Structures are given as C-alpha cells and as structure tokens.
Amino acid sequence: MNVTTAISNVSSINTKFESIFNQLDSFFPQLLGRNERTTLNQLRNALATISSGYSTESNTSEGTASFSAKYTPIFDKLNDKIKDLSSIDKMIAEVKEDSEQMELIALNAMVISVKSGEKGLAFSRITENLQRLSKDMFLYSDKLSDEEARLLEQINALKSIFSGIINTQRSISSKDSECCSDIQHMISNITPALEQLDSEIQSLFPQIERSMSVMQEKSLIARNFQEVSAALAELNKHNPPYSGSEDELDYTCFTISVYEKVCDLLSKIDSEVSRTCSEFAGNWQEVIETLDKADSSRMDFESHFLNNHAFGNNNIQKQISSIIFKYESMIEEFSSYHLVQKDLQGICKNITVRAKTIYSIFESLRPVMSRLHHVRILQQIEVSKNDAIKSVQDSVTDMDNLINSANASLDGMQSVLESFIHDTSTMLANFTKSIEIDNEKMNSLRNEKEVTLGDLKNGKSTVDYAFQNFTVFPDDFQKKCVVVQQNLQEFMRLNMEVGSLVSDFESEKSVLLGKKTSLMNSKGLQNWEITNRRYLDSLANLR
C-alpha cells in the first residue's frame with residue numbers, strides 16, 4: 001500500500017466528514033429557528049385578531065336595548081301631552097263657535113239698530129266694533145288651530161323618527177349578532193384543522209433536535225482521524241529499505257505496528273460512524289414521515305378551506321367577504337343613525353318653539369276678549385237708556401253668555417298650554433341631552449366595529465394570499481431538509497468507505513505479518529525486537 005495515497009484517502013474522507021458536520025451545524029439551527037413568517041402562522045394570527053373583535057357583540061345589544069328602554073317612557077309622556085292638546089283643540093272649536101254666534105247676533109242687532117234710525121246709530125257703531133272683534137277672535141282661533149296642527153305634525157314626525165331610530169338600532173344589533181355568529185362559526189370550524197396542522201408541524205422540532213444531538217460526537221471522529229493521519233505521517237517519514245537489508249525486518253515490524261494502530265483507530269471511527277449513521281437515519285426517518293404527514297394535512301386543509309370548490313360554506317375567502325359586506329352595511333346604518341339623530345334634535349327644538357308660538361297667539365286673544373267685554377258693557381248701557389232698541393236686550397244677554405263661555409275656554413287653554421310648554425320643554429331638553437350621550441355611545445360602538453372591519457379586511461388580504469401561496473414551513477425549510485437528507489446519504493456512503501479502508505489496512509497488515517514471519521525464518525529468529533534506533537523513537541511516538 002502506498003502510504004502517501006493512504007494519507008490522501010484518509011484526509012479526503014475526513015474532509016468530507018467535516019464538510020457534512022459543518023453544513024449540518026449551519027442547517028440545524030436554521031431548521032429549529034421556528035420562523036413565524038409562514039402563511040399558516042399569518043392566517044392563524046389574523047383569525048385570532050378577528051376572533052377577539054366579536055366580543056363586543058353584547059355591548060351593541062345592551063346599548064340598543066338601553067336606548068329603547070330609556071326613550072319609550074319619554075314618548076309615553078309625550079302621548080299624554082298630545083291628549084292635552086286634543087282638549088285644547090276642543091276649546092279652540094268652542095271659541096270659534098262662540099265667535100261665529102257672536103258675529104251672527106251682532107249682525108241681527110245691526111239690522112234692528114238700522115231700523116231704529118238716528119236713535120239706533122250709537123248702538124250700531126258699538127255693534128260694528130263687536131262684529132269686528134268677533135271676526136278677530138275667529139281669525140286668532142283659526143291660527144291656533146293651524147299652529148296646533150303643525151305642532152302635532154312635528155310631534156308625529158318626532159315619533160316617526162324615534163321609531164326609525166329604534167328600528168335602526170335593532171337592525172344594527174341584529175346585523176352585529178349575525179356577523180359575530182358568522183365569525184364564531186368560521187373560527188370554530190377552522191380552528192381544529194389549524195391546531196392539528198400546527199401540532200404536526202411543531203412535532204418536527206423535537207425530532208430535528210434529536211437528529212442534531214446525534215451529530216454532536218463529531219469531535220471524537222475528527223480526533224481519531226487526526227491520529228490516523230499522524231500515524232501514517234510518522235510511517236511516511238521513513239523510506240522502505242531495499243530488500244535484504246539489515247533493517248528490513250525492523251521496518252516491516254514498525255509498519256505492522258503503525259497499521260495495527262491505524263486499524264484500531266479506523267475501527268473506532270467505523271463503529272462511531274455506524275452508530276451515528278444508524279441513529280441519525282432512524283431519527284431523520286421520523287422527520288421525513290412527519291414532513292409527509294404535514295404536507296398531506298396541508299393539502300387537506302387547502303382543499304377544505306382555501307379552495308374555490310371547498311365543500312359547503314368552508315371557503316374562508318367567501319365567508320370573510322360575506323362578513324365584510326355585512327359589516328359595511330352595518331356601519332352605513334351607523335351613518336344613517338347619526339343623520340337621523342341630528343334631525344331628532346332639530347325637531348325637539350321646533351316642538352318647543354311651536355308650542356311657544358301657540359302661546360303667543362293665545363296671548364293675542366286676551367286683549368280681544370277684554371275689548372269684547374268693554375263693548376258688551378257699552379251695549380248694555382246703550383240698551384238701558386235707549387227705548388228704541390229695547391228689543392235687542394236678549395241679544396245683548398246672549399252676547400254676554402258667549403263672551404263668558406269663550407273666556408272660560410281661554411282660561412282652560414291657558415292652563416293646558418302653560419303646563420304643556422313647561423313639561424314638554426323640560427322633557428325635550430332632557431331628551432336632547434340623552435340623545436347627545438347616546439350619540440357618543442353609538443360613536444364608540446361604531447369605532448369598535450370599524451376596528452373589527454379593518455381586522456376583517458386585513459384578514460381577507462392574508463386569506464387572499466393564502467389562496468395563492470399557502471405555506472406551513474419557513475422559507476427553504478423543505479429544501480434544507482432535502483440537503484440534510486443528502487448529507488445523511490453521503491454520511492452513509494462515507495461509512496462504507498471507512499469500512500473499506502479498515503479492510504484494506506487489515507489486508508495489508510496480514511501481508512506484512514506473513515513477510516515478517518518469512519524474514520524471521522530466514523534469520524533463524526524465534527523472537528524479534530527492534531534494534532534500529534530510527535524506528536524505536538517512532539514506535540514510542542505511536543504508542
């Protein structure tokens with residue numbers, strides 16, 4: 001055997017082993033890095049964020065329920081006040097009827113006074129005033145009726161808007177509950193599959209760690225290779241003597257000692273490499289099987305949830321798109337709600353203003369009634385001193401009764417109007433404050449829903465990406481696993497080379513042992529000890 005060639009072969013095998021160990025030292029930490037930048041993790045995080053957003057459902061339901069419970073009693077009180085307005089309507093009708101009767105009586109009195117000639121002239125003028133005041137009273141009564149009708153229109157509009165607000169609130173709550181139910185269904189449907197897939201992937205890491213731990217004995221292999229190289233290098237320092245020389249036997253025995261050491265070291269290397277190779281292959285086979293299983297689960301997951309033909313409602317992309325549409329519709333209703341709330345505040349203000357307008361018209365009626373009383377007194381005086389118009393005495397009495405009746409109606413209206421204005425003003429002022437507070441609550445709810453909508457849209461972007469590129473392993477993870485597998489195969493091949501090298505040296509040692517025996521026989525030696533100083537030191541170094 002050529003020693004230089006043997007040294008070269010040992011060095012080559014050792015270098016290849018070092019290359020494998022160095023590459024594995026680089027790859028294993030990368031494989032164990034558990035890089036979270038995979039589509040699977042992004043999808044899981046997106047769904048977790050979406051899941052946390054639907055916990056606000058109870059806030060919406062409780063909020064809208066409290067609005068209805070708070071507003072309904074207000075409108076019950078307002079309905080009671082509307083009943084009071086109906087009594088005003090009756091009083092206005094009575095005043096109008098009284099004014100019509102007064103105007104008719106005044107007209108008859110005018111006819112009689114005209115027939116009385118000069119004697120009835122004064123009475124005629126008084127009656128003209130009475131007729132004019134009766135018309136004024138009728139006109140003011142008409143204005144009261146008109147303003148009352150407008151006030152009722154405003155109140156009915158308020159009730160209609162309120163009803164619309166409550167319906168909007170209920171619609172928001174209903175849509176929110178529906179969206180939350182959809183999200184919960186989607187999450188509960190996909191979570192078990194995600195957890196199973198993630199569990200399979202996580203089980204890879206302990207298997208890779210075991211494989212990595214097997215490869216930690218590289219120092220023992222490297223040290224034995226160094227000793228093999230050193231032993232062969234020591235042998236290579238000496239040139240083989242020519243055949244028949246005095247030190248041929250010493251050199252042969254020295255070479256046998258070197259080969260014995262080399263064979264012993266190579267056998268240790270072969271044993272260690274075989275053990276490492278066996279354990280590494282067994283552990284890595286588990287990794288390969290888990291990879292295959294995880295890849296199969298990935299394809300199942302894709303077919304169930306990330307496929308346009310996914311069974312039933314499992315398609316996540318369609319589910320999230322549907323939920324986003326519902327959320328956008330719900331948020332539009334929030335906008336409508338706020339616009340209507342502004343109208344509600346305006347109508348509350350208009351009702352108060354309209355009620356005060358009615359009262360101002362009513363106050364304009366009071367001077368008319370006072371002048372009617374004055375005219376009636378003048379009539380009575382004129383009738384009492386003018387015999388020519390004694391026949392209208394009954395008319396004057398009827399006029400007096402009508403004025404008293406109208407006055408009583410006005411007193412009743414004043415009481416009702418003052419109560420209505422005070423109560424509704426206070427009630428609607430408090431109502432307006434409640435509206436402002438509720439607007440803030442609805443704004444807060446809207447902001448929460450917009451955050452959830454944003455999470456949904458971000459989640460959809462993740463899902464859209466997953467549809468195109470669903471990954472469950474970090475970048476190049478599987479490629480690195482393939483390289484590790486290739487290294488394992490190379491490791492196994494080198495194991496065979498080591499075994500072959502052991503056989504070569506054992507074979508060469510057998511040849512040398514035969515040569516040693518032949519040389520000893522030719523010299524008639526029973527035992528042999530090295531006598532050449534050149535080999536004694538080298539032999540000592542080997543030992």
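Measuring r between the beta carbons of Leu513 and Ile288 and using R0 = 45 Å, the FRET efficiency lands at 0.45.
Taking max minus min of the alpha-carbon positions on each principal axis, the stretch 411-523 gives extents of 159, 29, 12 Å, largest first.
Per-residue 3J(HN,Hα) values for the stretch 193-210, derived from phi via the Karplus relation 6.51 cos²θ - 1.76 cosθ + 1.60 with θ = phi - 60°, read 5, 5, 5, 5, 4, 5, 4, 5, 5, 5, 5, 5, 5, x, 5, 5, 4, 5 Hz in sequence order (x marks Gly and Pro).
Here the simple spin-label model places points 7 Å from the Cα toward Cβ, and for Ser160 and Arg366 these points are separated by 3.5 nm. Dimensions of the stretch 182-271 from C-alpha coordinates, computed as largest minus smallest value along each principal axis and given longest first, are 98, 18, 17 Å.
On the protein heavy atoms, probe 1.4 angstrom, tell me the percent of accessible surface of the stretch 224-347 carried by carbon and sulfur. Whole-percent figure for carbon plus sulfur exposure: 49.
The C-alpha atoms of the chain define a longest principal axis, and helix 533-542 lies at about 30 degrees to it. The fraction of all Cα pairs in the stretch 221-278 landing in successive 10 Å bins from 0 to the largest distance is 23, 40, 23, 11, 3, given as whole percents.
Suppose the chain between Ser86 and Asp504 were pulled fully straight at 0.36 nm per residue; how much longer would it get relative to their current alpha carbon spacing?
Once the chain is fully extended between Ser86 and Asp504, it gains 138.2 nm.
Averaging 1/r across all pairs of distinct Cα atoms in the stretch 319-372 and inverting the result yields a Kirkwood radius of 15.0 Å. Starting from the Cα of His374, step 7 Å toward the Cβ, then list every residue of the stretch 387-404 with an amide N under 18 Å from that point. Zone members listed by number: 400, 403-404. In this structure, the amide hydrogen of Thr38, modeled 1.01 Å from its nitrogen in the peptide plane, lies closer than 5 angstrom to no residue at least 5 positions away or on a different chain. Partners of Lys83 within straight-line reach, counting lysines whose Cα lies under 29 Å from its Cα and excluding those fewer than 8 residues away in the same chain: Lys70, Lys96, Lys135, Lys143, Lys159, Lys342, Lys349, Lys356, Lys433. Applying 0.36 nm per residue to the separation of Ile381 and Ser461 and subtracting their alpha-carbon distance, the gain on full extension is 19.2 nm. Secondary-structure-derived ellipticity at 222 nm for the chain, considering helices only, amounts to -32500 deg cm²/dmol, per-run term -39500 (n - 2.57) for DSSP H runs with n ≥ 4.
What FRET efficiency comes out for Glu450 versus Asn45 if R0 is 25 angstrom and r is the Cβ-Cβ distance? Round to the nearest 0.05.
On the way: r = 20 Å, r/R0 = 0.81.
Here the calculated transfer efficiency is 0.80.
Report the charge-dipole magnitude of the stretch 382-531 in Debye, nearest 20, computed about the Cα centre from +1 at each Lys and Arg Cβ and -1 at each Asp and Glu Cβ.
Details: 15 positive and 23 negative charges, 426 e Å.
For this selection, approximately 2040 debye.
A simple charge model with +1 on the Cβ of Lys and Arg, -1 on the Cβ of Asp and Glu and nothing else charged puts the dipole of the chain at about 840 debye relative to its Cα centre.
Counted over all Cα-Cα pairs of the stretch 130-246, pairs farther apart than 18 Å make up 82 percent. Think of the chain as a dipole: +1 on every Lys or Arg Cβ, -1 on every Asp or Glu Cβ, centred on the Cα centre; then among Leu417, Ser405, Gln184, Ser405 lies furthest on the positive end. Label separation (Ser322 vs Lys16): 6.0 nm, computed from points 7 Å beyond Cα along the C-beta direction. Kirkwood analysis of the stretch 299-426, using all unique Cα-Cα pairs, places the hydrodynamic radius at 21.8 Å. The ratio of the alpha-carbon radius of gyration of the stretch 219-339 to the globular-protein estimate 2.2 N^0.38 Å is 2.66. To the nearest whole percent, what portion of all C-alpha pairs in the stretch 349-502 is separated by more than 23 angstrom? For the stretch 349-502, the fraction of Cα-Cα distances above 23 Å is 74 percent. For a modelled paramagnetic label at Ser8, 7 Å from Cα along Cα-to-Cβ, the residues of the stretch 233-268 in reach, with backbone nitrogen under 20 Å, are 233-240. For Leu139 and Leu339, what is the calculated FRET efficiency with R₀ set at 41 Å and r taken between the beta-carbons, to the nearest 0.05? The pair Leu139/Leu339 has a calculated efficiency of 0.55. Label-to-label distance, Ile437 versus Ile331, with points set 7 angstrom from Cα along the beta-carbon direction: 2.9 nm. Accessible surface for the stretch 159-293, divided over its residues, is 44 Å² per residue with a 1.4 Å probe. Relative contact order of the chain, taken over Cα pairs closer than 8 Å and 6 or more residues apart, is 34 percent. When you count the other C-beta atoms within 10 angstrom of each residue and take the mean per peptide, 72-80, 478-486, 364-372 line up highest first as 364-372, 478-486, 72-80. The ellipsoid equivalent to the alpha-carbon distribution of the chain has semi-axes of 123, 17, 13 angstrom, derived from the gyration tensor eigenvalues as √(5λ) and listed largest first.
For the stretch 396-421 and the stretch 228-254, compute the distance between their C-alpha centroids and round to whole Å. Here the two parts' Cα centres lie 146 Å apart.
Here's the list of lysines a cross-link from Lys460 could span, going by alpha-carbon distance under 27 Å and ignoring same-chain residues fewer than 8 apart: Lys175, Lys318, Lys326, Lys449.
In a fully extended conformation the segment linking Leu32 and Asp537 would gain 176.8 nm over its present Cα-Cα distance, using 0.36 nm per residue.
Under 20 Å from a label point set 7 Å out along the Cα-to-Cβ vector of Leu121, the amide N atoms of the stretch 369-385 belong to 378-385.
The values are calculated or read from the model by the stated rules, or taken from the named source; none is laboratory data. Note that the structure is predicted; figures quoted are calculated from it, not measured. Note that we place each Cβ from the backbone using ideal geometry, even for glycine, and neighbour counts take in every protein chain shown. Heads up: the accessible areas ignore ligands, DNA and RNA and are worked out on the full protein's heavy atoms, side chains in. Shrake-Rupley method; radii C 1.70, N 1.55, O 1.52, S 1.80 Å.
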